[in-house]
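Written out below as structure tokens is the structure these notes cover.
The values are calculated or read from the model by the stated rules, or taken from the named source; none is laboratory data. From a predicted model like this one, the values you see are computed outputs, not experimental measurements. When we count neighbours, we look across all protein chains shown, and the Cβ atoms used for this are built from the backbone with ideal geometry, even at glycine. Just the protein is used for accessible areas: all its heavy atoms, side chains included, with ligands, DNA and RNA removed. Shrake-Rupley method; radii C 1.70, N 1.55, O 1.52, S 1.80 Å.
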Amino acid sequence: MKNRITDMPSEEFKRTGNELIEWIDFYLATVEKYRVVPDVKPGDIKKGLPDSMPEKGESFDKIFADFQERILPGITHWQHPNFMAYFNSTCTAPGIFGELISGALNANGMLWKSSPAISELERVTVNWFRDAVGLHKDFWGIIYDTASISTMHAIANAKEKIRGYAIREKGLVGSGVPPLRLYSSEFAHSSVEKGALTLGLGLEGTHKIGTDEKFQMIPSELEKAIQEDINSGYKPFCVVATVGTTSVTSIDPVKEITAICKKYDLWLHIDAAHAGVIAMIPGYEYILDSVDKADSIVINPHKWGFVPMDCSLFFTKQPDLLKKAFSIVPEYLKTKEDSEVENLMDYGVQLGRRFRSLKLWFVLRYYGKEGYIEIYKEHLRLGKLFEKLVLKDSRFELMAPVTLSTICFRGKPIGMSEEELNAFNESMISSINDSGKLFLSHTKLNGKYVVRLVISGIRTEENHVLNAWEIIKNNYELSLT
Ligand SMILES: *Cc1c(COP(=O)(O)O)cnc(C)c1O
């Protein structure tokens, strides 16, 4: 074959494209037939692939056949209805189409000028989402890839608010600012610490605040820590409260925390990556109620919003400070529209930006707010249903209040010590996950090994939840023997 020097010919593109759409349709329709977690050992997939790229181009048919034969067997099926581990991310067809078109356009939204519709659709969809979850119109938003990156930008936004030191110009050390302190609960996501690490705060720059029996931050302990830090010469500047913690979906008392932040002039960032979407449901507005007084918030449509990875929304009340924290405009990126437009590159680390708002726009329009609400209500109903199953069975124990649809529980065979219970539940989860029928994850609460089951997948229905319970009970018995 002659070397290729152009893109795929139109006929081949159409034929392959149609086949791929057929394949995706079949995959999604039959995803339940796969093991949720693949049966592979580290290195298995790599072993089946050549060490170097091919010298000559290959046919796409062959490439795709290899995908099916060599890659797919190592995939964990996040779209599987029995994927109930971590916080699920499932996506829908309109979102897949969004990715496809965004790939086809391959336009870069770094500047307004570099692709005007990207900047403007981002503004529109982000505002739609803000209004749908009932956030105040003072919030200005932007799309980043993940909540971790959103929170890192929140901390940078907060840092920029510190007055009296030229941190942007001289850096943390050169500016002479006392060591900074940031606060979050012991159940905050690890991304808070990663953000602090990235920005040079050091691990000691984040102070973990204790939680109560419902795994919510204790405001009085927060205030105590702030006072102690001030007395010891530190400079408190930011609090991260979580609405929907990763371990148990607990909700920090945002109202009380807001008052403390006000008193000490601290930035309040809310991590609502998973749970924020639920504020769309009438009766659940309380989830984000007091959040209006916060300075920034992150919510991930790629988690419980059925938009493909990656799509994280960051909202801030002070985009001017965010811009101040990041904006560097070299000559070659100056445009004559600069004074009248938003150039999204000014609001973060990255220059190039994918057209993420397209998939968000597609999915928000395809389902509409009512569609979302209906799906969420069903997930919450299934969460309650599973909670009841656990409560009714004396072999199991509920380990945390069920706020939304994350259920933390454990098997509790009679006569075992805490240590034995930990080992028992660890082995029960392993045997469940190894079976390939269901995927669960765990957490530790007060030293106790706890099984987490999360219902937030678009394909998860009542029969899957009932079936999951059967699988769990079977593996409980298996692990006893
Ligand atoms: C999942 C999660 C994150 C991290 O999300 P990424 O988008 O994967 O970075 C942060 N905080 C909370 C509360 C989460 O549930």
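So, in region 200-226, how many residues would count as being hydrophobic (A, V, I, L, M, F, W, C), modelled with pLDDT of 95 or more and more than 16 Å from the ligand (Cβ to nearest atom)? Can you show your working first?
If we filter region 200-226 for residues that are hydrophobic (A, V, I, L, M, F, W, C), which is where we start, we get 201, 203, 209, 215, 217-218, 222, 225-226.
Checking which are modelled with pLDDT of 95 or more leaves us with 209, 215, 217-218, 222, 225-226.
Going one step further and asking which of them are more than 16 Å from the ligand (Cβ to nearest atom), we end up with 218, 222, 225-226.
Residues meeting the conditions: 4.
Do you know which residues across region 28-71 are touching a residue at least 24 places away in the same chain (Cβ under 8 Å) and in a helix (DSSP H, G or I)? I'd like the intermediate steps shown before the answer.
Of the residues in region 28-71, the ones touching a residue at least 24 places away in the same chain (Cβ under 8 Å) are 28, 31-32, 34-40, 44-45, 56-57, 60-61, 64, 70-71.
Listed by number, the residues that qualify are 28, 31, 32, 44, 45, 60, 61, 64, 70, 71.
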Scan region 117-134 and tell me whether some residue there is assigned to a helix (DSSP H, G or I), within 16 Å of the ligand (Cβ to nearest atom), open to solvent by 20 Å² or more (accessible area, probe 1.4 Å) and in contact (Cβ under 8 Å) with a residue 40 or more places away in the chain. no
Restrict the check to region 232-248 and report whether at least one residue is touching a helix residue (DSSP H, G or I) at 6+ places or on another chain (Cβ under 7 Å), of a type in the set (S, T, N, Q) and not in a loop (DSSP other than H, G, I, E, B). no
Please go through region 87-113 and give me each residue that is assigned to a loop (DSSP other than H, G, I, E, B) and under 29 Å from residue 334 (Cα atoms), ordered by number. 106, 107, 108, 109, 110, 111, 112, 113
Test of understanding: among 473, 384, which residue is open to solvent by 50 Å² or more (accessible area, probe 1.4 Å) and either in contact (Cβ under 8 Å) with a residue 12 or more places away in the chain or not acidic (Asp, Glu) (or both)? 384
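Would you call residue 167 among the β-branched types (Val, Ile, Thr), assigned by TED's automatic domain parsing to the domain that holds residue 241 and under 28 Å from the mean Cα position of the chain (by Cα)?
Working: among the β-branched types (Val, Ile, Thr): yes; assigned by TED's automatic domain parsing to the domain that holds residue 241: yes; under 28 Å from the mean Cα position of the chain (by Cα): no.
Here the answer is no, as residue 167 does not meet what is asked.
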Per the list (1) in a strand (DSSP E or B); (2) free of Cβ contacts under 8 Å to residues at least 12 places away in the same chain, residue check on residue 283 breaks on (1)
Report the residue count in region 34-52 for those that are open to solvent by 100 Å² or more (accessible area, probe 1.4 Å) and under 13 Å from residue 435 (Cα atoms). 1
Filter region 260-277 for residues that are over 14 Å from the mean Cα position of the chain (by Cα) and part of a helix (DSSP H, G or I); which is nearest to the ligand (Cβ to nearest atom)? 261
From the options 229, 292, residue that is in a helix (DSSP H, G or I), under 21 Å from residue 201 (Cα atoms) and more than 16 Å from the ligand (Cβ to nearest atom): 229
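Residue under question is residue 251, and the condition is that it be within 15 Å of the ligand (Cβ to nearest atom), open to solvent by 10 Å² or more (accessible area, probe 1.4 Å), modelled with pLDDT of 95 or more and in contact with a strand residue (DSSP E or B) (Cβ under 9 Å, 6 or more places away or on another chain); does it hold? Working first, answer last.
Numbers: within 15 Å of the ligand (Cβ to nearest atom): yes; open to solvent by 10 Å² or more (accessible area, probe 1.4 Å): yes; modelled with pLDDT of 95 or more: yes; in contact with a strand residue (DSSP E or B) (Cβ under 9 Å, 6 or more places away or on another chain): yes.
Criteria met by residue 251.
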Within region 258-271, is even one residue polar (S, T, N, Q) and either in contact (Cβ under 8 Å) with a residue 24 or more places away in the chain or touching a Cys at 6+ places or on another chain (Cβ under 9 Å) (or both)? yes
Take region 142-197 and flag every residue that is away from the ligand (no atom under 15 Å from the Cβ), small (Gly, Ala, Ser) and closer than 19 Å to residue 317 by Cβ. 156, 158
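Any idea which residue in region 309-332 is most open to solvent (accessible area, probe 1.4 Å), counting only those that are outside any loop (DSSP other than H, G, I, E, B) and touching a Lys or Arg at 6+ places or on another chain (Cβ under 9 Å)? Break it down stepwise before answering.
Looking only at region 309-332, we keep the residues that are outside any loop (DSSP other than H, G, I, E, B), and these are 312-316, 319-326, 331-332.
Of the ones still in play, those that are also touching a Lys or Arg at 6+ places or on another chain (Cβ under 9 Å) are 312-313, 315, 321, 324-325.
Numbers: 312: 0, 313: 0, 315: 0, 321: 23, 324: 111, 325: 27 Å².
Out of the qualifying residues, it is 324.
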In region 303-327, residue farthest from residue 275 (Cα to Cα) [restricted to those that are charged (D, E, K, R) and more than 13 Å from the ligand (Cβ to nearest atom)]: 324
Would you be able to tell me the number of residues in region 172-215 that are free of Cβ contacts under 8 Å to residues at least 60 places away in the same chain and in contact with a Pro (Cβ under 6 Å, 6 or more places away or on another chain)? 1
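Return a yes/no flag: does region 80-87 have any residue that is polar (S, T, N, Q) and either in the same structural domain as residue 301 (by TED's automatic domain parsing) or surrounded by fewer than 19 Cβ atoms within 10 Å (Cβ to Cβ) (or both). Please lay out each step first, then the result.
Step one: filter region 80-87 for residues polar (S, T, N, Q), giving 82.
With either in the same structural domain as residue 301 (by TED's automatic domain parsing) or surrounded by fewer than 19 Cβ atoms within 10 Å (Cβ to Cβ) (or both) added as a condition, the list becomes none.
For region 80-87, residues polar (S, T, N, Q) and either in the same structural domain as residue 301 (by TED's automatic domain parsing) or surrounded by fewer than 19 Cβ atoms within 10 Å (Cβ to Cβ) (or both): absent.
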